[in-house]
Every structure is written in C-alpha cells, then in structure tokens.
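> Submitted below is the structure of interest, expressed as structure tokens.
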Amino acid sequence: MKTSFNLQLLHLLTAAIVLGSATFANAATIQIVNLDSAGEGFNEATAAAPIGGNSGTTRGAQRLRVFQEAAAIWGAILTSGVTIRVEAKFDPLAPCDASSGVLGSAGPITVSSDFPGAELPGTWYHIALASKLANTDLAAGINDISARFNTSVDNSTCLGATSWYYGLDHNHGTNIDLLAVVLHELGHGLGFSTLVNGSTGAFLSGQRDIWTHYLLDTDQDLHWDEMTDAQRQASAINTGKLVWDGPAVIVHGDEFLGPTPFARIDTPPGIAGEKGFGTASFGPALGDPPLSGEIVLADDGAAPNSDACTAIVNGAAISGKIALIDRGVCPFVDKVQRAQSAGAIGVIIVNNVAGSPPLMGGDDPGLIIPAISISIDDGNAIKSALVGGPVTATFGVDVTRIAGQNGNDRSLMYAPNPLESGSSVSHFDVSASPDLLMEPFITSNLTNSVDLTRYLFEDIGWFSPRAVAVEQQPVRSLHLRTTPNPFFATTTVRFSLAAPGLAEVDVHDLNGRLVKRLMRGWQPGGERAVTWDGTDANGRRVAPGVYLARVRSGETRENQRIVRVN
C-alpha cells in the first residue's frame, strides 16, 4: 500500500504504534533484506546522534535499526515457523514538494492459494501468511514483502522542515515517525489488504482473496466473495456500510474502541440532523457532555472574509458562540487560534472542495476549544440558514454508541466516496476512536499496542482461535448481583468495572431469548447499576417466573438468575 503525506491534511496511510506484549512460543522471524547500494538508504554514512533509543550513529544505520525494531515488534505478535523476508530500500520518491509527498509503500511480492493447510479453498493469501499456514516456504528463493521508503523526506524541498524521526520512542513532535510508518506498511504486507481491483470490483485472476471472505456490505447483506464485480465496485464507496465480519474482531472490537464522536445541527429543522465530520489532531478531544451553541460565521475583514486567515473582526458576535470558518490557504491551527482569541467556544471548518470533510492536522498546545470540519455542502446549507435566523449545533461523544462500529458489533472499514486508490477497503474506518493502527491517516496519540489489528489477523488465519487472547486477557469478576431478588415491581442490577469500557446489561428468558436490553454504552470504571422494571422491550409487564440478568464487559460475562413474583 502506498503511503502519502500532506502537511495540512496529515494524509498518511499509517498510524503510530509500539507493541508492549511478550514474545510467544513459535514467534515469527522477520528478516530485513537491505537492497540499497553503497552510500544510499540504509547504507548512507551521514553522521547522526543517537536518538530516542536508537543507538545508530549514521543516518543509514538508524533507518535500518527502525526497520529491525518494526520487524521485531511484528515478529513477537505473529506465529510462524517460516522466516518472513522483507526486501526494503530507500529512494527519492515522487511526487514530493513542500506540502505533500509519498512516504513509502509495502505489499506482498506474491500470493498463493490451495496449498496444504489453506483454511479456505480457491482463495488467495498473502505469501507470508500462506507459508505460515502450510508450515513450509511456498516461495523459496523469493522474498515475501517489498517495501520502499522516501529518502527525500529528510530534504527541505520535500515536506519543508518536516523530516523522518528515527527514534524508537515515538517522541516525534512535528516530524514523521518512521517506526510508525514501517509498522503500518508491514501490516499491509503481512495480510491487511485486499487484492480486489477497487475501481472495477474484479478479483485477482478471477479468484477471491481471504479479505473478501470477511468483508460485508450491510446494505446488500452480502460478503464480497458472494458479489458480482459491479456489486463490489459499488460497495467500495458505500460509506458507513462496509464492515468486517470476522468473529475475533466482533468479539474484541469494544475492547479498543470508545464512545462515538458526533456532530449535529439542532436548528432550524430544515437542516437538522447528524452530519459527517472530520476531527482535529490539535485541541481537546470531543467529550461528554457534548458542546452546544449558536453558530456565527467568522469575518476577518479581508477577502475572502470567512477564512480567518487574519485576525477576526466580529469577535463580539462570535464570543460565546461556535465559529463557522471556511477552509483556505492558512493552517487549520491558525484559524482555530484566531477563533479562540475572539472568544469562540468551538469551531466548525467548512471544506472548500467537494468530498469528505478533511481530517485536520497540526499542533498547538495553546488550543483549548474543540474543532471539527464539515463538507462544503453542509457548510453552504448552514450559511443559507443563517440568513433566516439562528443556527445551533452540538458536537461531542455519544456514550451509547461505539466509535468505528455499525451498532451491531461490526467494525467499519474505510469506504470513502469517491474511491481512494491504495486506501479504500484495506483500512479500518477513520471513525474509529481511539485511533487504530491500520487507519488510513496518521495520528500522534497511539500507544504501545497493535490494537484490533491483531484480532483481524486472527480472523484471516495468523493464529489458532483465541491463542493469544487467552494468555493476554485475565478474567475479572464483574461482581454481578441483583437486589431485591425475588422482586415484584423493580430490581437493580449492580456490577463493577475494573476500568472504563463498554458494558452491556440484558435480561433473557430461560430459552436464551432477549427480553430487554437495559444498558449498552461506554461506562467509567467502578460500581455501576441499572434498574429493571419487569417489562419487555415493548413496555409490557413480563409474566412471573425465572429470568437471566446478563452483564458483559470486554471478555468478561456473568449471568445471574432473577425471579419475578406476583
């Protein structure tokens, strides 16, 4: 997959991550094969001071050390008896100018199907995974993954003052974390991508790949390996309806994802409703309780007046309100800083081109108000409505919904319209929060975990089911109890959470049928409680008898019998 970079949009097909888990038996060996010539890339002799845990003393040595670290991280996660060979090199890559450029790319060199040990017949697998399942090198004498990265990032003509960060601690500041990019791209080479032509929907050589077996379109209610080419072509741009249907990701998704961020126009009714939006890498995260307020169009007194590229002159109108600002030539952080100085409580940036709202990059520790972006169409609708009277909006997080999921425990996959070659379908959706390793855009707030990616790899065959999960996930009691029990009118279900997370509380009959869902949402750690009034989902009183209260949080589930009496 190709990785590109845009200074304003932070359009990186990557994510920052370092693993913090133990090495398991039969861990994979990933070998970096240096294809650079003398004096270039990994062999560049430019002196460099050790940085961030990287002890290399030349630029080339530091690059190689970063690749070796990424290989060790993935090797500790995966299990394989066959060495995985990654051929890698650094070259000047085009395009790359002061504001955008290609960072690098990686992918499988070959694929295989119908080998001994293949879990699905007539199905392509990336070669590293295929050799693992076959327990033999299916491409002897051929490397498994090819990776190329851009040396020009270290030059001022490419991305300006931004350069590669070669530390191993992710303390990259405004530079680009090479370790993050390599981890992400190796993920693609190891199996996190489809082989389908996104533009046409055609299979590679007329045969499905393992990715298509788990890719589900909820509008068509079909997996990709059940569709025609035309159906796959349409599904690739079916935003919000393309999900991963693998069991491991379904079970473990809510362990990594939090409440759903949202943006909503409240009034007037003609434009009211939730809107698609982009988030910012700067300022506070969207929170609970959400921010609500009246929208006021910014005016900086210089054409075009509403882009806040100079000081805002209608501060009296904006103070205590949400500033509406047009996207323009100046950085996002500068626009939001000027709105904050004018007294705004939040900012909405209106895109200036058709398409999805941009993700807004930049960094300014002094920003304390939240900012989101919206599409040009939604922005124009707000501007038109402002002529007739007040427009109000709310944005924050909804603790009853899980970010990056479709409401049915399926994780959303990236399916923007129009299609983004090299990004669409082969990434988790950008709505995931907290950010995931294999989203199509870089973020600076990821921690030492490969998050949900590990469980998607379980789905496609890298692990025996739950092999690592059993070792990594200690079972914690929820201390479930109901009082009073038996009960006549109401009973309270009480439980404890060791840490913040998604909690579900349901009542079932003894045949396992759902009677009523009492709670589903992101909860803080500690003691929690919810009351059942003895009614079903339609509000009707249930018959006297024995029922089951079921509580789930992460991997932990507990049941308790409760009795309703006359």
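The values are calculated or read from the model by the stated rules, or taken from the named source; none is laboratory data. Please read all numbers here as calculations on a predicted model, not as lab measurements. Neighbour counts run over all protein chains shown; Cβ positions are idealised from the backbone, glycine included. Side chains included, ligands, DNA and RNA excluded: accessible areas come from the protein's heavy atoms. Shrake-Rupley method; radii C 1.70, N 1.55, O 1.52, S 1.80 Å.
> Could you identify the single residue in Ile145, Ile73, Ile84, Ile127 that is over 26 Å from Gly53 (Cβ atoms), open to solvent by less than 20 Å² (accessible area, probe 1.4 Å) and not polar (S, T, N, Q)?
Details: Ile145 fails: over 26 Å from Gly53 (Cβ atoms); Ile73 fails: over 26 Å from Gly53 (Cβ atoms); Ile84 fails: over 26 Å from Gly53 (Cβ atoms).
After applying the criteria, what remains is Ile127.
> Quick test of your reading of the structure: Pro289 fulfils all but one of (1) more than 27 Å from Gly173 (Cα to Cα); (2) open to solvent by less than 50 Å² (accessible area, probe 1.4 Å). Name the failing condition by number.
(2)
> So, of the residues in region 222-244 that are under 23 Å from the mean Cα position of the chain (by Cα) and among the charged types (D, E, K, R), which turns out to be surrounded by the most Cβ atoms within 10 Å (Cβ to Cβ)?
The selected residue is Arg232.
> Further, regarding this structure: Yes or no: Ile372 open to solvent by less than 20 Å² (accessible area, probe 1.4 Å), hydrophobic (A, V, I, L, M, F, W, C) and modelled with pLDDT of 95 or more? Steps first, please.
Values: open to solvent by less than 20 Å² (accessible area, probe 1.4 Å): yes; hydrophobic (A, V, I, L, M, F, W, C): yes; modelled with pLDDT of 95 or more: yes.
It is true that Ile372 is open to solvent by less than 20 Å² (accessible area, probe 1.4 Å), hydrophobic (A, V, I, L, M, F, W, C) and modelled with pLDDT of 95 or more.
> Moving on to the next point. Being over 27 Å from the mean Cα position of the chain (by Cα) and in contact (Cβ under 8 Å) with a residue 24 or more places away in the chain is the filter here, so list the residues in region 287-305 that pass it. So that I can check it myself, show each step before the final result.
Looking only at region 287-305, we keep the residues that are over 27 Å from the mean Cα position of the chain (by Cα), and these are 293-305.
Result: Gly293, Glu294, Ile295, Val296, Leu297, Ala298, Asp300, Pro304.
> Can you say whether Gly173 is over 29 Å from Gln405 (Cα atoms), open to solvent by 10 Å² or more (accessible area, probe 1.4 Å), of a type outside the set (Ser, Thr, Tyr) and at pLDDT 95 or above, as far as the supplied structure shows?
Numbers: over 29 Å from Gln405 (Cα atoms): yes; open to solvent by 10 Å² or more (accessible area, probe 1.4 Å): yes; of a type outside the set (Ser, Thr, Tyr): yes; at pLDDT 95 or above: no.
So Gly173 does not fit the description; no.
> Within region 518-539, take every residue that is in a strand (DSSP E or B) and open to solvent by 50 Å² or more (accessible area, probe 1.4 Å) and give me the one that is farthest from Ser553 (Cα to Cα). If you could, list the steps in order and put the result at the bottom.
Step one: filter region 518-539 for residues in a strand (DSSP E or B), giving 518-523, 526-532, 535.
If we keep only those that are open to solvent by 50 Å² or more (accessible area, probe 1.4 Å) too, we end up with 522, 527-529, 531.
Numbers: Trp522: 10, Glu527: 13, Arg528: 12, Ala529: 14, Thr531: 18 Å.
Looking at residues that are in a strand (DSSP E or B) and open to solvent by 50 Å² or more (accessible area, probe 1.4 Å), I get Thr531.
> Hey, another quick one. Which of the residues spanning region 94-109 are under 21 Å from Phe457 (Cβ atoms) and open to solvent by 50 Å² or more (accessible area, probe 1.4 Å)?
Result: Ile109, single match.
> So Ala344 clears everything in (1) touching a helix residue (DSSP H, G or I) at 6+ places or on another chain (Cβ under 9 Å); (2) open to solvent by 10 Å² or more (accessible area, probe 1.4 Å); (3) part of a loop (DSSP other than H, G, I, E, B) except one condition, right? Which one?
(2)
> Identify the residue in region 1-25 that is farther than 21 Å from Glu69 by Cβ and surrounded by fewer than 17 Cβ atoms within 10 Å (Cβ to Cβ) and, among all such residues, is modelled with the lowest pLDDT.
That would be Asn6.
> Of all residues being touching a Ser or Thr at 6+ places or on another chain (Cβ under 6 Å), surrounded by 14 or more Cβ atoms within 10 Å (Cβ to Cβ) and in a loop (DSSP other than H, G, I, E, B) in region 26-47, which is modelled with the highest pLDDT? Just the residue, please.
Thr29
> If you scan region 389-412, which residues turn out to be among the small types (Gly, Ala, Ser), surrounded by fewer than 17 Cβ atoms within 10 Å (Cβ to Cβ) and within 26 Å of Gly270 (Cα to Cα)? Break it down stepwise before answering.
As a first pass, look at region 389-412 and keep what is among the small types (Gly, Ala, Ser): 389, 393, 396, 403-404, 407, 411.
From the residues that got through so far, the ones that are surrounded by fewer than 17 Cβ atoms within 10 Å (Cβ to Cβ) too are 389, 407.
If the condition is that a residue be among the small types (Gly, Ala, Ser), surrounded by fewer than 17 Cβ atoms within 10 Å (Cβ to Cβ) and within 26 Å of Gly270 (Cα to Cα), then Gly389 is the only one that fits.
> Search region 137-152 for residues being in contact with a Ser or Thr (Cβ under 8 Å, 6 or more places away or on another chain) and part of a loop (DSSP other than H, G, I, E, B), and hand back the single one that is nearest to Ser100 (Cα to Cα).
Result: Asp144.
> Additional query: Counting just the residues of region 105-127 that are of a type in the set (Ser, Thr, Tyr) and not in a strand (DSSP E or B), which one comes out nearest to Ile30 (Cα to Cα)? Can you show your working first?
Residues of region 105-127 that are of a type in the set (Ser, Thr, Tyr), as a first pass: 105, 110, 112-113, 123, 125.
Applying the additional criterion that residues be not in a strand (DSSP E or B) yields 110, 113, 123.
Numbers: Thr110: 17, Ser113: 22, Thr123: 24 Å.
Ranking the qualifying residues of region 105-127, first place goes to Thr110.
> Going by the structure shown, is Ile295 touching a helix residue (DSSP H, G or I) at 6+ places or on another chain (Cβ under 7 Å), modelled with pLDDT of 95 or more and open to solvent by 20 Å² or more (accessible area, probe 1.4 Å)? It would help to see each step written out before you state the result.
Numbers: touching a helix residue (DSSP H, G or I) at 6+ places or on another chain (Cβ under 7 Å): yes; modelled with pLDDT of 95 or more: yes; open to solvent by 20 Å² or more (accessible area, probe 1.4 Å): no.
Here the answer is no, as Ile295 does not meet what is asked.
> While we're looking at this one, here's another question. Specify the residue that is surrounded by the fewest Cβ atoms within 10 Å (Cβ to Cβ); the eligible residues are those in region 153-170 that are touching a Leu at 6+ places or on another chain (Cβ under 8 Å) and outside any loop (DSSP other than H, G, I, E, B).
Trp164
> Turning to a different aspect of this structure: Among the listed residues Ala88, Ala130, Ala45, identify the single one that is in contact with a strand residue (DSSP E or B) (Cβ under 6 Å, 6 or more places away or on another chain), under 16 Å from Ile30 (Cβ atoms) and without any contact (Cβ under 8 Å) to a residue 24 or more places away in the chain.
Details: Ala88 fails: without any contact (Cβ under 8 Å) to a residue 24 or more places away in the chain; Ala45 fails: under 16 Å from Ile30 (Cβ atoms).
After applying the criteria, what remains is Ala130.
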